[in-house]
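Each reported figure results from applying straightforward, stated rules to the coordinates on display, with no laboratory input. Quantities reported herein were computed from a predicted structural model and do not represent experimental measurements. Because the Cβ atoms are built from the backbone with ideal geometry, glycine has one as well, and the counts that use them run over all protein chains shown.
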Amino acid sequence: MRVGLFGGTFDPIHYGHLLLAEVCREQCDLDEVWFLPADVPPHKQGEMVSSGQARAEMIELAVAGNAGLLVSRHELEHGGVNYTVDTLRHFRDETPEAELFFLMGADMFNDLPNWRNAEEVCRLAVPIVAQRAGVSPPDYDCLQSIATPERISELLNYQVEMPQIEFSSTEIRNRVAEGRSIRYRTPRAVQKYIETHGLYLPT
Ligand code: ATP
């Protein structure tokens, strides 16, 4: 069993996230990819985020019909600041037989050596990195301080090709606030959810 874990704020989920998950699932032969909405991600403390419930429900709407993409409320239920290392330990304990991967865009990867217990993070799971528009490509040399040369050459086998889509949740929130269209940037069901619940409107 090869399990991908994809953490983020997902406020809201958009087609960039969905394509990243699907590309990694297919190219790295993953059985499942779990979206893991964060309660309060370490790098976003202090910023406003929609409720975990709303973000998880939007992901569920977005992945409906794709048996390979799933939502875990683990970080929301755990509450507070969640570090990747703690989440990976949880999944390792829950499913010791699974091979774990964690998915991210290049903007997150380049900061990986600064994550809490980064060495353990790279031992517990394989990072899979997708290019992101406007971000320099992943530089695996940045792992030299936290992983052995053997491990780095193993990780290099899990690079994925992804068409770069210049979408971000920030842009979607801004568009909603400005009364502009978000159609085709996120699935229709997510767009409807945002409208029905009045998310991202100016206060
Ligand atoms: P925000 O604009 O609120 O910062 P975001 O669009 O960057 O949000 P996050 O939920 O913070 O989305 O990102 C979760 C993960 O998805 C991160 O690893 C990020 O690099 C990746 N990601 C987000 N958007 C894209 C995209 N358009 N292409 C590739 N990766 C992306």
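Details
- Between the residues 50, 105, 66, the greatest Cα displacement towards the positive end of the dipole of the stretch 19-108, with unit charges on the Cβ of Lys, Arg, Asp and Glu, is found for 50.
- Sum of -39500 (n - 2.57) over DSSP H runs of 4+, divided by residues of the chain (222 nm, nearest 500): -10500 deg cm²/dmol
- Loop-located GluC sites (Glu not before Pro) in the stretch 69-112 (DSSP state other than H, G, I, E, B) with a sparse environment of at most 12 neighbouring Cβ atoms within 10 Å: 97.
- Value of Rg to Rh for the chain (Rh from inverse mean 1/r over Cα pairs, i.e. Kirkwood): 0.95
- Here the gap between residue 142 and residue 83, fully extended at 0.36 nm per residue and compared with their Cα-Cα distance, gives a gain of 19.3 nm.
- The length gained on full extension between residue 150 and residue 120, counted as 0.36 nm times the residue separation minus their Cα-Cα distance, comes to 9.3 nm.
- In terms of the mean number of neighbouring beta-carbon atoms within 10 Å, the peptides 5-18, 57-70 order highest first as 5-18, 57-70.
- Low-density loop cleavage sites - trypsin sites (Lys or Arg not before Pro) in the stretch 109-203, where at most 11 other Cβ are within 10 Å (DSSP): 180
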